Each structure stands twice: as C-alpha cells, then as structure tokens.
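The values are calculated or read from the model by the stated rules, or taken from the named source; none is laboratory data. Only a predicted model underlies this, so the values are computations on that prediction, with no experimental measurement involved. Here the Cβ is made from the backbone with ideal geometry for all residues, glycine too, and neighbour counts use every protein chain on show. When the accessible area is computed, the model is the full protein with side chains, heavy atoms only, and any ligands, DNA or RNA have been set aside. Shrake-Rupley method; radii C 1.70, N 1.55, O 1.52, S 1.80 Å.
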Amino acid sequence: MKTYIKLLGLQCALILFVSCGNADDDVNFDINQAGSLGLGNPVDDCLDLGESDLVLSIQDQFTTLPGKVSIFFKVSDQIGNPVPGLTAEQFTIYEQGRNDECFNTISASESYARISPNSQIFNNSTLLVLDLSNSVLSSSLDELKSATTSFINNVMPTIEEDSFKMAIYWFDGEDELHLLNPLTASRDELIAAIAGITTTISNDPSTDLYGAVIKSTNIASELLNESTNNSIIGATSVVVFTDGTDQASRYSEEEALKKVDESNSNISFFAIGLGSEIDTEILMKIGKTSSVFAGNKEELETTFNDISLRVTEQSNSFYLFEYCTPKRDGSGENNLAIQVSNGSLQGAVQTKFDTSGFTGGCE
C-alpha cells in the first residue's frame, strides 16, 4: 500500500559569477534540514560503514506487491549541496531480517535495482518573475531576453515532463503581477513568450518590486497546496529579476520580507539584481536562498546560466530508488540500509519495510 509523506525539502545555494550567497539556513522542509536523514535513521554499527560524507534524506517510502521496495530521497553533502547524476550502480542495498544478526548485502543486479522516474510523486515548479519597468525595456531588454532564454533551455528538460514546469510573470508599476506564460512543461512555449516581449508591453514605467514579491509568493503557495491535494510532493522556486528598487510604494518593505520569511518552507527564493541602482541588502533578504548581482547587462547571461545550473542540480539530486526484495510474507518488518558511493565520498541511511503480502516476482 502506498502512503505518501508530503514533506520535502529543496535547499538551493547558488555560486555565481558575481554573487552574494546568504543561505546558511537554506530553504528546507522541516523534515529535511541540512544533514537530516528525513524519515531515515543512522545505519547500525554492525555494518561498520564509517563516517558519512554524503546525506541520504528519505522523503517517502512505500512497497508494491508482489515484492518491490521504493525509496524516494535526496542526496546532498554535509552542508546541503546537492549531489546529482547518481546511477543505480552507485548504491549498495543491505537487508536485515528477523533471523539476521546483522545486514546481508543484496545483489543489485539480482534484485533489479534501478533509479526510476519520480514524476508520479514529485512536482517541481519554477516561477520566473521579471522586472519590465521602463529602465529595463529602454536599456537592457535584448540582454534580458537572451539571458532568460538560456535559463529556460538549461532548467527545463529536453523531453517534456509533467513533473517539471515553469511559468513566467512580469511586473512594472501597476498593482498587478502580469502573466506572460502560464505554467507549462514546454520549452518552446516559454521561449516564444520571451521572444514576444516588446518595449511597448508596459503602461506604467514605475517598479512595484514589493508587490511582485508578495504576489509571486502567493502563487507559489497555491501551487504547493494543489500538489498536496493531489497527494504529490511539491517544491517551488521563485526567481525574481530587477534592475532597481521599489518605486511604486504600493507595499512596504516589511510586508514583502514578512511574506518571504513566513512562506511555506517548500519555496526557495532567488533574487537577481542588475546595475548600480539596486539595493543589495534588500535583494539579499528577498533572495533568502541566494542572491546574485550583475554589474552590467553584459553579465546577465552568465549569472542566469549559473543560477540555472544550480537549480538543475537541485532537481536532479532527488532519486526514486527501487528494487525487488528477496524477503517474503511472514518475515515481518525488515531493516533496510542503502549506501551510496560517489568517488571517494560515501553515505548511508537506514529504514524499515513490511513484507505483508509479498510473494515471488517483482513488477
């Protein structure tokens, strides 16, 4: 029987060409703080695996008859940096039944161990929020369009996946967060929307930065609630670009920062600032996961590319690991340990699973 644990952490730290990272307390679900094992536990001393360099934080686990065990987890280093691109061959499975003094190694090939698509239990959304006030439209629109196109190409999968979507919004001085393109899995649709931006798109030359932060956070919260209602683990990133400070004064700095600070911990916040008129201190607070500053428009594409790399690494550090256990009905609750090796680094986590109804074979 599947039981989904709808708690997930998505910690993002960006290391950029010109950056101010401010994320020692990066965004996480409560269950998945940096260094936390989530639903898992430290491995038994009898395995003698040594000190862990990597953290396997279990987000969800379930079994499927006739004998499949599925574990959904995130892999990071000890300070929370994501570890993407692992393969099934880098994982070792250990099981301990009621008659075993310690764990026995389970052959990965004989148990058909594999990394499976996690789209059925995990949604990842990105909200790209662009400042299209007069200063951007008149001086750096071409560079912004090129940079955001690269960002889309880097973040969105080559083959469309329903579990990875992006929406694009823009703001000026109006009391509205304008929708440029709704949430979609299509790269081409997003790129076409960016290409369609013209210098006449805005009717208000001012900058309602704080309003955009508040409204985009509300949208991100609604997306997470929708995922939860559909029994899906969800995470959202809000990426805000601006070349200036809030000029509209519709909302206060305090309101905007309170909205960010008190938001659902599944939401990561990134701020990108351009030029000399930005308030770096405020943007660092808005981009509480990380903030980045480009000194001039020529640096925009570099900074957007660096961000996209880190966002992609985060998304690809979540794994749905599945294998067919040799345990059968009647053996009761069993201990399971999973170890991962990545070069000279290793880490492990321990959990339990119930074999009720298990028989031979595995889907």
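Miscellaneous remarks
- Residue (of Thr87, Phe270, Ala185) at the positive-pole extreme of the chain, dipole from beta-carbon charges: Thr87
- Distance histogram for the stretch 209-363 (every C-alpha pair counted, 5 angstrom bins, percent rounded to whole numbers): 2, 7, 13, 13, 13, 12, 10, 8, 7, 6, 5, 3, 2, 0
- Just so you know, the Rg over Rh for the stretch 43-132 is 1.06, from Cα atoms, with Rh as the Kirkwood radius.
- Compactness of the stretch 93-199 was expressed as the Cα radius of gyration divided by 2.2 N^0.38 Å, which yields 1.73.
- Extent of the stretch 109-161 along its three principal axes (Cα atoms, max minus min coordinate, largest first): 62, 18, 13 Å.
- Compactness of the stretch 289-356, expressed as Rg and Dmax over alpha-carbon positions, Å: 21.1, 67
- Estimated vicinal HN-Hα couplings, Hz - the stretch 125-138 in sequence order (Karplus 6.51, -1.76, 1.60; Gly, Pro = x): 10, 10, 10, 9, 10, 10, 7, 10, 6, 4, 5, 6, 4, 8
- Mean separation of Cα contacts under 8 Å (6+ apart) over length of the chain, as relative contact order %: 30 percent
- Taking every protein chain into account, the accessible area of the stretch 195-250 amounts to 39 square angstrom per residue (probe 1.4 Å).
- Among the listed pairs Lys145/Lys285; Lys165/Lys327; Lys258/Lys352; Lys258/Lys297; Lys68/Lys288, those beyond 32 Å (Cα-Cα): Lys165/Lys327; Lys258/Lys352; Lys68/Lys288
- More than 38 Å apart - percent of Cα-Cα pairs taken over the chain: 24 percent
- Within the accessible area of the chain (1.4 Å probe), percent carbon and sulfur: 45 percent
- In this label model, Thr200 and Asn225 are separated by 3.9 nm, measuring between points 7 Å along each Cα→Cβ vector.
- Unit Cα scatterers, Debye sum, the stretch 135-256: log10 I(q)/I(0) for q = 0.20 Å⁻¹: -1.23
- Accessible surface for the stretch 62-175, divided over its residues, is 40 Å² per residue with a 1.4 Å probe.
- If both residues of a DSSP beta bridge must be in the chain, then about 60% of such bridges are antiparallel.
- All-pairs alpha carbon distance profile, the stretch 258-314, 10 Å steps from 0, percent: 22, 48, 26, 3
- Converting phi to 3J(HN,Hα) with the Karplus coefficients 6.51, -1.76 and 1.60 and the offset θ = phi - 60°, the stretch 250-259 yields 6, 10, 8, 4, 4, 5, 5, 5, 5, 4 Hz in sequence order, with x at every glycine or proline.
- Projected label distance in nm at Asp329 and Leu309, using a 7 Å step from Cα toward the beta-carbon: 5.3 nm
- Computed from point charges on the beta carbon alone (+1 for Lys and Arg, -1 for Asp and Glu), the dipole magnitude for the stretch 73-221 about its Cα centre is near 220 Debye.
- Per residue, the chain reaches -7000 deg cm²/dmol at 222 nm when only DSSP H runs of four or more residues are counted, each adding -39500 (n - 2.57).
- Pairs of alpha carbons in the stretch 153-215 whose separation is greater than 17 Å (percent): 48 percent
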